[in-house]
Amino acid sequence: MSSVHWFRKGLRLHDNPALTDLCQRPGVTGVYPIFILDPFFVEASQTNSPRIGVRRWKFLLECLEDLNVRLKEHDSRLFVLRGNPLKILPKLVKALDAKHLTFEKDTEPYALYRDGEVMKELKDYSCDVASFTSHTLFDPESLLKPPKTDYEKNVWKRGVPPLTYRAFISKALKAESNGDCVPLPIPAPTKIPSAYTSLDNLIEALGSEVAGPNGDFSVPSSEELNLELPSKEEESPHKGGETVALERMDSFLKDKARVINFKKPETAPTAFYPTASTTILSPYLKFGCLSPRLFHQELWAIEKPALKTSSKPPESLRGQLLWREFFYLCGYAVPGFDSMKQNPICLQMEWKCPQKGDSSPHLEAWREGRTGFPWIDAAMTQLRKEGWIHHLARHAVACFLTRGNLYISWERGAEVFEELLLDADWSLNSANWLWLR
Ligand SMILES: Cc1cc2nc3c(=O)[nH]c(=O)nc-3n(C[C@H](O)[C@H](O)[C@H](O)COP(=O)(O)OP(=O)(O)OC[C@H]3O[C@@H](n4cnc5c(N)ncnc54)[C@H](O)[C@@H]3O)c2cc1C
């Protein structure tokens with residue numbers, strides 16, 4: 001019996017409950033691991049700048065290559081399909097006569113829409129569709145309160161979220177220190193049943209453009225995507241993939257004293273990779289090359305025996321992961337989270353450049369790192385060249401653009417970050433810009 005696992009984020013084999021569950025289902029004899037290159041993420045936004053900058057593209061391709069290599073170790077492979085998932089996926093399921101489709105739950109607005117449409121399309125087809133939480137520590141649904149008052153019912157359609165970090169921690173962990181409440185990661189599948197259908201059959205059902213220029217559903221090259229890659233000297237030092245993610249996590253966590261004493265505000269924004277003061281795991285968490293539950297488990301194993309003396313959330317390293325969790329919950333629960341006007345918890349201000357597509361010489365100078373303020377320009381230059389900057393540098397440039405100096409809308413800043421950051425993440429980017437407003 002054929003089945004499909006759809007990778008979107010969650011580009012990993014470890015702690016991938018959707019994949020592991022599928023591989024263990026009785027009667028499943030062939031698993032197709034697929035990734036769809038969705039034009040939604042490729043096309044330029046209204047600002048005419050691409051949603052994904054070239055460095056993040058490169059990082060994604062590295063993640064896909066690495067995933068393919070790891071799948072091959074299990075006698076499997078990754079099938080990369082080019083096109084709109086709403087059109088391709090139902091066709092694929094039908095062509096393979098697949099009886100199961102699994103994927104990781106994704107709570108961003110576009111993903112919720114996309115997955116809802118795919119499920120609708122497959123409703124009358126005898127394919128069991130199942131999604132699993134593993135991009136966050138908790139399923140956001142589980143942390144929302146039912147709305148009671150008319151106001152709450154009107155505003156919080158998905159449920160009422162805790163709106164402060166402290167309230168979130170006490171809801172999620174019941175007590176600040178109780179890391180034992182967090183679900184544990186699961187191991188990678190031991191066996192991935194191979195898929196047998198010939199590529200010709202798939203091409204006939206889906207169309208040759210879906211299979212890529214070589215007709216083999218392989219990971220695209222930079223040439224296929226028309227990417228103008230930076231020269232070797234200009235490359236970002238951060239390489240994508242689960243293999244690098246696990247190595248980097250292990251390497252950072254070797255220094256237990258650093259983990260136990262980690263206080264985010266005291267880390268240096270001017271320390272760069274490979275001696276950066278924070279983990280630089282954000283791009284790997286963003287694409288799901290690293291499981292947050294595995295990272296949490298490793299952190300908790302170091303912190304728990306030293307609980308009396310260790311640093312605590314929100315400053316500790318586990319506290320950083322909990323910020324991520326809190327902001328994902330807000331992104332899911334708060335309507336219009338990425339905008340000022342539609343967002344009920346956002347301060348309303350008369351910013352300059354309020355509309356998508358608005359520009360100004362000050363905005364351009366900020367974006368290009370030529371404000372004349374050395375610290376701001378250095379941070380924006382690092383962002384452009386490496387795709388990652390320290391939290392305090394993000395804070396500084398964000399304050400400079402908004403309430404600190406230029407009074408330009410935070411939404412314009414978030415768009416620039418969305419393009420340039422390797423770790424650009426809808427929930428976290430919106431949340432952190434909102435936090436500053
Ligand atoms: C204006 C602005 C925009 C930002 N946009 C993003 C974004 O698009 N994507 C993103 O991942 N982070 C974003 N951040 C948050 C933060 O700066 C980065 O997560 C962090 O600097 C990543 O570096 P690190 O992995 O070394 O973090 P570490 O300090 O090592 O923390 C470990 C992990 O905890 C999470 N984390 C840490 N700080 C935060 C935070 N403030 N909010 C949410 N999660 C956090 C990240 O997943 C991070 O990898 C933004 C911050 C600001 C001020």
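The values are calculated or read from the model by the stated rules, or taken from the named source; none is laboratory data. Bear in mind the structure is a predicted one, so any value in this text is a computation, not a measurement. FYI the Cβ positions are ideal-geometry reconstructions off the backbone, even for glycines, and counts take in every protein chain you see.
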Next item on the list: Please go through the stretch 290-325 and pick out each residue that is within 19 Å of Ala414 (Cα to Cα) and in contact with a Phe, Trp or Tyr (Cβ under 8 Å, 6 or more places away or on another chain).
Entry: Trp323
Check: Which condition number in (1) near the ligand (Cβ under 9 Å from one of its atoms); (2) of a type in the set (A, V, I, L, M); (3) crowded, with 22+ Cβ neighbours inside 10 Å is the one that Leu329 fails?
Finding: (1)
Margin query: Just to be sure I understand, how many residues within the stretch 195-209 are within 29 Å of the chain's Cα centre (by Cα) and loosely packed, with under 14 Cβ neighbours inside 10 Å?
Written below: 1
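Return the only residue of Lys356, Lys352 being modelled with pLDDT under 95 and of a type in the set (Lys, Arg).
Details: Lys352 fails: modelled with pLDDT under 95.
Only one candidate qualifies: Lys356.
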Check: Can you tell me how many residues in the stretch 310-321 are in a helix (DSSP H, G or I) and more than 14 Å from the ligand (Cβ to nearest atom)?
Finding: 0
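Would you check if Tyr110 is aromatic (Phe, Trp, Tyr) and closer than 24 Å to Pro90 by Cβ?
Taking the combined requirement at face value, the residue satisfies it.
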Margin query: Among the residues of the stretch 299-309, are any at pLDDT 95 or above and within 11 Å of the ligand (Cβ to nearest atom)?
Written below: yes
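Specify the residue that is nearest to the ligand (Cβ to nearest atom); the eligible residues are those in the stretch 251-262 that are out of contact with any helix residue (DSSP H, G or I) (no Cβ under 6 Å at 6 or more places or on another chain) and touching a residue at least 12 places away in the same chain (Cβ under 8 Å).
So the residue we want is Phe252.
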Notebook entry, point to check: Residues in the stretch 210-223 that are on the phi < 0 side of the Ramachandran plot and either more than 24 Å from the chain's Cα centre (by Cα) or crowded, with 18+ Cβ neighbours inside 10 Å (or both): how many?
Noted result: 9
Next item on the list: Check off (1) free of Cβ contacts under 8 Å to residues at least 12 places away in the same chain; (2) in contact with a Leu (Cβ under 6 Å, 6 or more places away or on another chain); (3) β-branched (Val, Ile, Thr) for Thr275 and give me the number that stays unchecked.
Entry: (2)
Check: Residues in the stretch 220-260 that are among the acidic types (Asp, Glu), farther than 30 Å from Val210 by Cα and part of a helix (DSSP H, G or I): how many?
Finding: 4
Notebook entry, point to check: Is it the case that Phe262 is surrounded by 19 or more Cβ atoms within 10 Å (Cβ to Cβ), under 16 Å from the mean Cα position of the chain (by Cα), modelled with pLDDT of 95 or more and not charged (D, E, K, R)?
Noted result: no
Check: Within the stretch 393-437, can you find the residues that are of a type in the set (S, T, N, Q), within 11 Å of the ligand (Cβ to nearest atom) and at pLDDT below 95?
Finding: none
